[in-house]
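In what follows, a structure is listed as structure tokens, so that the remarks can point back to it.
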Amino acid sequence: MDKSEIIILENGLSPNTTKLKKKLTLKAPVSVLALIQLVLATDQLLESSVLMLLNTDSFIHEEARWGVQMMGLITGIWLLLTLLLFVGLFTSKPHLILAHFIFTILLCPLKMAVLMIMHHSPTTTWYPIFRTTFTLTILLFSLLYEWRCFKEMKENSLEK
């Protein structure tokens, strides 16, 4: 044991404590963002399911029904990949985080397009615009933190 390790051990910290703290500081924000995404995805999936069940006869065009079904499908995939993100975070497997990261990259432009359409529609109220803006903001922050967490977990798995 060299002198620096003895000083660290006298302070009550093991040499691996700093690595553990760094890993936990990246996992914590990703976990919070994933929890928020889980709530948002569940809300959107329930909303599109209720819309399809209760308003089946209200769709004037078949394209509107297909749009709601596709949004429900995309939201279902988002929900499953968010659960997969939690598994990746708890088991420290970076490839599970990467699946959610890639899907989020594809979902952000879609949310941006939906936001632009709602912003230019004269009949849209403030609540859907606010909710979509909030979702897009969470997704963008999630991209930043997930990428940093992925790199950190990848480096830790290569060190082992």
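The values are calculated or read from the model by the stated rules, or taken from the named source; none is laboratory data. Please read all numbers here as calculations on a predicted model, not as lab measurements. Neighbour counts are summed over all protein chains in view; Cβ atoms, including those assigned to glycine, are modelled from backbone coordinates with ideal geometry.
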*Residue by residue through region 57-76, note down the ones that are exposed (fewer than 10 other Cβ atoms within 10 Å of the Cβ) and in a helix (DSSP H, G or I).*
Asp57, Ser58, Glu62, Glu63
*asked:* Condition (residue is surrounded by 11 or more Cβ atoms within 10 Å (Cβ to Cβ), part of a helix (DSSP H, G or I), of a type in the set (Ser, Thr, Tyr) and in contact with a Lys or Arg (Cβ under 8 Å, 6 or more places away or on another chain)) applied to region 93-114: is it met by at least one residue?
replied: no
_Met118 being surrounded by 12 or more Cβ atoms within 10 Å (Cβ to Cβ), touching a residue at least 40 places away in the same chain (Cβ under 8 Å) and touching a Ser or Thr at 6+ places or on another chain (Cβ under 7 Å)_ = no
*Return the residue satisfying two criteria in turn: it lies in region 87-107 and is closer than 18 Å to Val32 by Cα and among the β-branched types (Val, Ile, Thr), and of such residues it is farthest from the chain's Cα centre (by Cα).*
Thr91
*List the pairs whose first member sits in region 58-87 and is polar (S, T, N, Q), whose second member is in a helix (DSSP H, G or I), and whose Cβ atoms are under 6 Å apart, counting only residues at least 6 apart or on separate chains?*
Thr75/Ala41; Thr75/Gln44; Thr75/Leu45; Thr82/Ala34; Thr82/Gln37; Thr82/Leu38; Thr82/Ala41
*Considering only region 32-51, state which residues are within 12 Å of Phe141 (Cα to Cα) and touching a Phe, Trp or Tyr at 6+ places or on another chain (Cβ under 8 Å).*
Leu33, Ala34, Gln37
*With the condition kept exactly as written, say whether any residue in region 61-84 is in contact with a His (Cβ under 7 Å, 6 or more places away or on another chain) and of a type in the set (A, V, I, L, M, F, W, C).*
yes
_Test for Phe134: is it at pLDDT 90 or above, aromatic (Phe, Trp, Tyr) and under 12 Å from the mean Cα position of the chain (by Cα)_ = no
*Pull up region 55-74, narrow it to residues that are at pLDDT below 80 and of a type in the set (A, V, I, L, M, F, W, C), then point me to the one that is farthest from Ala99 (Cα to Cα).*
Ile60
*Please work out if Leu139 is of a type outside the set (S, T, N, Q), within 21 Å of Leu26 (Cβ to Cβ) and in contact with a Leu (Cβ under 9 Å, 6 or more places away or on another chain).*
yes
